[in-house]
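Encoded as structure tokens, the structure appears first; notes follow it.
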Amino acid sequence: MMNRRRPERATPRADAPERVPGGGRSAPGAPAGPRTATASCPPETLSRSSGAARTALGTTGDLRITQDGPAHDRAVERGAPDDGPWIFEASQDRPAPGRPVPGAPARDGRLPDAVLFDRDGTLVVDVPYNGDPRRVRPLPGAGEATALLRSLGVPTGVVSNQSGVARGLLTRRQVASVRDRVDRLLGPFPVWAVCPHGPDDGCACRKPAPGLVLAACARLGARPSRTVVIGDVGGDMAAARAAGAEGVLVPTPATLPGEIAAAPRTAPDLMTAVRLALTALPPDGAA
């Protein structure tokens with residue numbers, strides 16, 4: 001059967017992975033001319049205040065994350081995207097990435113290394129190209145679901161397409177302000193991996209490509225093979241699959257029937273999805 005591209009909806013969601021009929025993956029091209037890539041340095045935050053130097057995160061496959069300075073900060077504030085994903089980390093007064101919350105029971109080999117969430121339509125109500133933190137509304141059960149993971153010491157993160165940046169509708173500061181609001185309502189999430197590119201930019205990070213999942217896993221010290229991605233569209237599942245992670249789909253009215261049929265697992269709500277994520281993997285070290 002010939003694949004047909006689905007027309008964009010009248011108010012396309014800011015965080016939607018590229019749609020692929022039947023939930024399949026449409027592989028983007030290789031990134032064009034990255035400015036720099038460093039394979040050896042450890043992951044560091046890119047979420048510093050404007051004017052701060054940026055430390056390269058390194059290379060994950062063909063994913064390249066650049067090192068830039070003040071001129072670059074001014075460019076992204078105007079909406080010009082990076083070559084790679086934007087990485088935001090929890091502030092120092094919040095639990096450290098990959099660490100159990102205080103008082104949480106010890107983790108064991110039955111739990112995932114990490115659970116990563118899509119943002120719009122999964123954690124919060126989908127408001128297309130939202131740059132206003134006052135418009136952030138958690139979806140039912142999101143607080144309880146994320147709290148369950150923290151109580152078990154399972155690291156969490158957010159992986160989000162934000163093509164509004166490439167379209168000139170969002171700035172980095174607006175993306176960060178919405179992220180801060182979500183963190184205050186549902187977090188903290190130790191890591192956010194955000195793709196600022198558009199569907200035709202040929203980057204390696206925009207879902208359904210695996211770059212956001214791989215970058216978040218690297219920041220958390222999580223193995224992709226023991227990571228679960230929870231999202232509401234087929235591109236979220238394709239990104240998980242391409243990264244070697246597991247996926248759980250929580251369908252919404254925006255989810256296509258083919259995406260539901262192709263999903264490895266589905267759940268009617270976020271709490272059920274988290275419970276599935278906790279049992280989706282075999283015990284660590286099992287054959």
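The values are calculated or read from the model by the stated rules, or taken from the named source; none is laboratory data. All values derive from a computational prediction rather than experimental measurement. With ideal geometry, Cβ positions are generated from the backbone for all residues, glycine too; neighbour counts draw on all protein chains shown. Protein only, heavy atoms only, side chains kept; ligands, DNA and RNA dropped before computing areas. Shrake-Rupley method; radii C 1.70, N 1.55, O 1.52, S 1.80 Å.
For region 209-220, the Karplus equation 6.51 cos²θ - 1.76 cosθ + 1.60, evaluated at θ = phi - 60°, returns couplings of 5, x, x, 5, 5, 5, 5, 5, 4, 4, 5, 8 Hz by residue, with Gly and Pro reported as x.
Write down the accessible area per residue of region 133-287 in Å², having rolled a 1.4 Å probe over the full set of protein chains. Mind dumping the intermediate values first?
On the way: 5500 Å² over 155 residues.
Here the per-residue accessible area is 35 Å².
A full extension of the chain between residue 167 and residue 185 corresponds to an added length of 3.7 nm, given 0.36 nm per residue minus the alpha carbon distance.
Between the alpha-carbon centres of region 257-286 and region 128-189 there is a gap of 21 Å.
Run the numbers for residue 125 and residue 272: contour at 0.36 nm per residue of separation, minus the present Cα-Cα distance, in nm.
Numbers: separation 147, 0.36 × 147 = 52.92 nm, distance 1.80 nm.
Gain on stretching residue 125 to residue 272: 51.1 nm.
So, in nm, how far is label residue 279 from label residue 135 when the simple model puts each one 7 Å beyond its Cα toward the Cβ? If labels sit at residue 279 and residue 135, their model points lie 3.9 nm apart.
Apolar share of the accessible surface for region 148-265: 52 percent from carbon plus sulfur atoms, 1.4 Å probe.
Using the beta-carbon distance between residue 147 and residue 261 and R0 = 35 Å, what value does 1/(1 + (r/R0)^6) give for FRET efficiency, to the nearest 0.05? The computed FRET efficiency comes out at 0.65. Subtracting the Cα-Cα distance of residue 177 and residue 200 from their residue separation scaled by 0.36 nm leaves 5.7 nm.
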